[in-house]
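Worksheet for the structure shown next.
The values are calculated or read from the model by the stated rules, or taken from the named source; none is laboratory data. Since this is a predicted model, take the numbers as computed values, not measurements. Virtual Cβ from ideal backbone geometry, glycine too; neighbours counted across all protein chains shown. For accessibility, only protein heavy atoms count, side chains too; no ligands or nucleic acids. Shrake-Rupley method; radii C 1.70, N 1.55, O 1.52, S 1.80 Å.
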Amino acid sequence: MVFPPSKAMALALDAARAAAARGEVPVGAVISDAAGQIIAAAGNRTRELHDPTAHAELLAIRAAGAALGSERLIGCTLTVTLEPCAMCAAAIAAARLDRLVYGAADPKSGGVEAGARIFSHAQTHHRPELISGVAEAECAALLKDFFAARRD
């Protein structure tokens, strides 16, 4: 079954909601191949796994690599609900993902268009196509509501 980009973001949002239900920061990521087939989906699991690297993007990259039998995800798209941090952006470059699609910007901890801007460094050997702001309001609201509930 082939999923259009909007379906990939819908699945990423589902993974983010599932992460929130587990008490994790609600970030979800989906990796699809060039034909739009979903290869992997994940939500944050840093608290559950006691692993600061268990971000949704890294979990999805690991699962996609295992599914494809390759450390290079050439031809693949990562769709994520929040702008990736510097750690995840570096992993995206290392995985050679063709495209990064994300929803909400992260001016505090982002590593793509904010903060470290990993893809702009000369040392970065691969730069994916970047599409930002997809379902931005819904992605941002999910995070805002999650943190507002924690403050109440």
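Examine region 70-89 for a residue that is at positive phi and basic (Lys, Arg), and state whether such a residue exists. No, every residue in region 70-89 fails to be at positive phi and basic (Lys, Arg).
Look at ALA40 and say whether it is touching a strand residue (DSSP E or B) at 6+ places or on another chain (Cβ under 9 Å), at pLDDT below 95 and outside any helix (DSSP H, G or I). Please lay out each step first, then the result.
Details: touching a strand residue (DSSP E or B) at 6+ places or on another chain (Cβ under 9 Å): yes; at pLDDT below 95: no; outside any helix (DSSP H, G or I): yes.
So ALA40 fails the test.
Based on this model, can you work out whether LEU58 counts as in a loop (DSSP other than H, G, I, E, B) and surrounded by 14 or more Cβ atoms within 10 Å (Cβ to Cβ)? No: the conditions fail for LEU58. Being surrounded by fewer than 21 Cβ atoms within 10 Å (Cβ to Cβ) and either among the charged types (D, E, K, R) or assigned to a loop (DSSP other than H, G, I, E, B) (or both) is a description that applies to SER70. Look at (1) without any contact (Cβ under 8 Å) to a residue 60 or more places away in the chain; (2) under 17 Å from PHE146 (Cα atoms); (3) out of contact with any strand residue (DSSP E or B) (no Cβ under 8 Å at 6 or more places or on another chain) and you find that VAL25 fails only one, number (1). In summary, LYS7 fulfils each of the numbered conditions (1) open to solvent by less than 60 Å² (accessible area, probe 1.4 Å); (2) on the phi < 0 side of the Ramachandran plot; (3) not aliphatic (A, V, I, L, M) with the single exception of condition (1). For region 121-138, does any single residue satisfy the condition of being at pLDDT below 95, over 14 Å from the mean Cα position of the chain (by Cα), open to solvent by less than 30 Å² (accessible area, probe 1.4 Å) and not basic (Lys, Arg)? Checked against the condition, which is being at pLDDT below 95, over 14 Å from the mean Cα position of the chain (by Cα), open to solvent by less than 30 Å² (accessible area, probe 1.4 Å) and not basic (Lys, Arg), region 121-138 yields at least one hit.
Here's a check for you: in region 86-108, which residue that is part of a loop (DSSP other than H, G, I, E, B) and out of contact with any strand residue (DSSP E or B) (no Cβ under 9 Å at 6 or more places or on another chain) is most open to solvent (accessible area, probe 1.4 Å)? Ranking the qualifying residues of region 86-108, first place goes to LYS108.
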